[in-house]
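A quick write-up on the structure given underneath.
The values are calculated or read from the model by the stated rules, or taken from the named source; none is laboratory data. Remember, predicted model here, so these are calculated numbers, not experimental data. Note that we place each Cβ from the backbone using ideal geometry, even for glycine, and neighbour counts take in every protein chain shown. Surface areas here come from the heavy atoms of the whole protein model, side chains and all, with no ligands, DNA or RNA. Shrake-Rupley method; radii C 1.70, N 1.55, O 1.52, S 1.80 Å.
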Amino acid sequence: MATEFHNLQELRHSASLVTKVFIQRDYSEGTVCRFQNKFPSDLDNRIERTLLEETVKTLNTYYVEAEKIGGQSYMEGCLACATAYIIFLCMETRYEKVLRKISCYIQEQNEKIYAPRGLLLTDPIERGMRVLEISVFEDRGSGSSSPSSSMSSAGSSAR
């Protein structure tokens, strides 16, 4: 396994970015927000396939929940029209609440799963909901002393 980090602060301060891996949106079922379950080969030695697939599956479930139309969405729309949308200055929509829940989930996953493996998951809202970005870090102290890190550095520079 690659270099291990203990928490997000250590990762951000004592590591250098090696590469970024992107998981694209899946438009096979229309424009509903969901990401592909395809495992990127760049992450083979960094994280177990099941952990990443579970994260993507959970995110996809949250986005389906956010876009679900129900009674609450209908009432929010009616209140918005009745108040000339001023109501949204006072209250958070159901969609915004789910997006906040997604941000908390991503933060939790980064702390528990991704940061200890030298990875950082970026909230898709920061990338316009186009991609799920995973940054791959390497400990600055290790440089390219191990064969695996020199191979990943060579692979990154070839791109």
Test F88 against the stated conditions and say whether it is part of a helix (DSSP H, G or I) and either open to solvent by less than 30 Å² (accessible area, probe 1.4 Å) or at pLDDT below 95 (or both).
yes
Could we say that E76 is surrounded by 11 or more Cβ atoms within 10 Å (Cβ to Cβ), within 30 Å of Y114 (Cβ to Cβ) and out of contact with any Phe, Trp or Tyr (no Cβ under 6 Å at 6 or more places or on another chain) here?
no
Please enumerate the residues belonging to region 91-107 that are in contact with a Lys or Arg (Cβ under 9 Å, 6 or more places away or on another chain) and exposed (fewer than 15 other Cβ atoms within 10 Å of the Cβ).
E92
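This table checks each residue for (1) touching a Pro at 6+ places or on another chain (Cβ under 7 Å); (2) assigned to a helix (DSSP H, G or I); (3) without any contact (Cβ under 8 Å) to a residue 40 or more places away in the chain.
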position	(1), (2), (3)
N45	no, no, no
L51	no, yes, no
L59	no, yes, no
A66	no, yes, yes
S103	no, yes, yes
Y114	no, yes, no
Is it the case that A15 is loosely packed, with under 11 Cβ neighbours inside 10 Å and either at pLDDT below 90 or on the phi > 0 side of the Ramachandran plot (or both)?
no
Which pairs have Cβ atoms under 9 Å, sit 6 or more apart or on different chains, and link a residue in region 68-87 that is within 24 Å of C33 (Cα to Cα) and touching a residue at least 12 places away in the same chain (Cβ under 8 Å) to one that is surrounded by 10 or more Cβ atoms within 10 Å (Cβ to Cβ) and among the aromatic types (F, W, Y)?
S73/Y95; E76/F88; E76/Y95
